Amino acid sequence: MRNLFSIHTIEFIRVMTRNESQELMSITKGEFKNYKKNGNEYHCYLKHPGIRLILQFRREPPILMRVIINLNAANGGDGNILFNPKFQNLSSVFLATDIAFEEENLNLNLSQFSIGRVDFTVDIQMDSDEEVMAYIALAKRKGLDKNYRNKYKAGLKNIKFENSFDAVSKSTEFTLYNKYRQLLDIGYSEEEASYKFGTLRMEVKLRHYILRGQIRGMCKENNISEIGCICEMIENSESVLKKYAKKFLTDGTFYRYKNAIKKIEALNIKDQYKKIAVSIISQTSIHHNLRLAQKILVNEKIAKESQIKKVLQILYLNDINPITLGERSGLKELPSLLYLIDEQQ
């Protein structure tokens, strides 16, 4: 079954004056029945599903207004299912948003905003919940580079750390999470969440900082508005997801440790490279972190960085993942996620 590569959520932003924000705050506190204060932000949930308004106050100007739209929910569908541009009309989402503003007596329309964030998304269907959790655990074992950090910590209600892998920078967020368990965590019953059982969701959120240049070029080249750019982004969502998946995930089939070693020993390569390959897998297995394993090999002068890079390329070319499954795992091997999303052609 071909999985749908699409956009799940779009965030629009606008800089406000102090007078505009005060006027909107009076409406928020007077007419919005469903709003909450979160730090320096006011989250206002419009009556129309899938549309949320956020006022973000700072110590120093500017004050930001953010509109977050779940495309499928705003279009009258299930917000946990991805928007499908082949069968759904994107313009109806934006029309519904402008109508929602009018119904709430807000003097706003989307043409006043610029794109602030786009969530590129794909749902990958697994045979079991065990497989979903295995891929999340394996993704964590690559380790993050210095420009990224984890966002989801213990105690968060929406997406729990134990059910997800994420890497966040100022401009980008890459996330894998167990969609079924996430629905349970936010209050769905098992029966209600069952249609997402075995679903591994992959999201790439690109923020204002990285989007601006792309959007300007896209608008100029195609002579379209920023909102029109979203159609182009949906068409390009598959390549965006695959690009960032290659950045954060490892290639090659995941084996148990002993089987991975046997695969390496059977390779027709130099003994020196075999020794380095075994060391990489051994240290990664011990420390559960591929990046740390590489540093250890360099620091202990077992291998140079250039040698490690070459050996990793050899492993990937021979479909051997340097990260291994636990010996107690009920799974003997797993294809890489990069292979699975390539299979969605």
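The values are calculated or read from the model by the stated rules, or taken from the named source; none is laboratory data. All figures in this text were calculated on a predicted structure; none of them were measured in a lab. FYI the Cβ positions are ideal-geometry reconstructions off the backbone, even for glycines, and counts take in every protein chain you see.
Scan segment 144-160 and give yes if some residue there is surrounded by 18 or more Cβ atoms within 10 Å (Cβ to Cβ), touching a helix residue (DSSP H, G or I) at 6+ places or on another chain (Cβ under 7 Å) and modelled with pLDDT of 90 or more, otherwise no.
no
Looking at segment 231-251 only, could you name the residues that are under 15 Å from the mean Cα position of the chain (by Cα) and exposed (fewer than 15 other Cβ atoms within 10 Å of the Cβ)?
Ser239, Lys243, Lys246, Lys247
Being touching a residue at least 12 places away in the same chain (Cβ under 8 Å) and either within 15 Å of Asn321 (Cα to Cα) or of a type outside the set (A, V, I, L, M, F, W, C) (or both) is the requirement here; does Ile280 meet it?
Taking the combined requirement at face value, the residue satisfies it.
Please verify whether Ser329 is touching a helix residue (DSSP H, G or I) at 6+ places or on another chain (Cβ under 9 Å), surrounded by 15 or more Cβ atoms within 10 Å (Cβ to Cβ) and under 25 Å from Asp123 (Cβ atoms), treating the condition exactly as stated.
yes
Just to be sure I understand, how many residues within segment 309-325 are assigned to a loop (DSSP other than H, G, I, E, B), at negative phi and under 26 Å from the mean Cα position of the chain (by Cα)?
Residues flagged as assigned to a loop (DSSP other than H, G, I, E, B), at negative phi and under 26 Å from the mean Cα position of the chain (by Cα) within segment 309-325 amount to 4.
Would you list the helices (runs of 4 or more DSSP H) that sit entirely within segment 118-194 and hold 3 or more residues that are closer than 25 Å to Val67 by Cβ?
179-185
From the list Ile63, Ile68, Ile54, pick out the single residue that is hydrophobic (A, V, I, L, M, F, W, C), touching a His at 6+ places or on another chain (Cβ under 6 Å) and crowded, with 17+ Cβ neighbours inside 10 Å.
Criteria check complete, one pass: Ile54.
Which is outside the structural domain of Asp119 (by TED's automatic domain parsing) and at pLDDT 90 or above, of Lys274, Lys242?
Going through Lys274, Lys242 in turn, the sole match is Lys274.
For (1) among the hydroxyl-bearing types (Ser, Thr, Tyr); (2) surrounded by 20 or more Cβ atoms within 10 Å (Cβ to Cβ); (3) closer than 30 Å to Arg149 by Cβ, each residue gets a yes or a no:
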| position | (1), (2), (3) |
| --- | --- |
| Ile99 | no, no, no |
| Asn105 | no, no, no |
| Asn109 | no, no, no |
| Ile115 | no, yes, yes |
| Ile124 | no, yes, yes |
| Ser128 | yes, no, no |
| Val132 | no, yes, yes |
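Search segment 120-146 for residues that are over 27 Å from Lys295 (Cα atoms) and pair each with any residue that is of a type in the set (Gly, Ala, Ser) and in a loop (DSSP other than H, G, I, E, B) when their beta-carbon atoms are under 7 Å apart and the residues are at least 6 apart or on different chains.
Short answer, once both residue conditions are applied: Gln125/Gly198; Met126/Gly198; Asp127/Gly198; Ser128/Gly198; Asp129/Gly198; Glu130/Gly330; Val132/Gly198.
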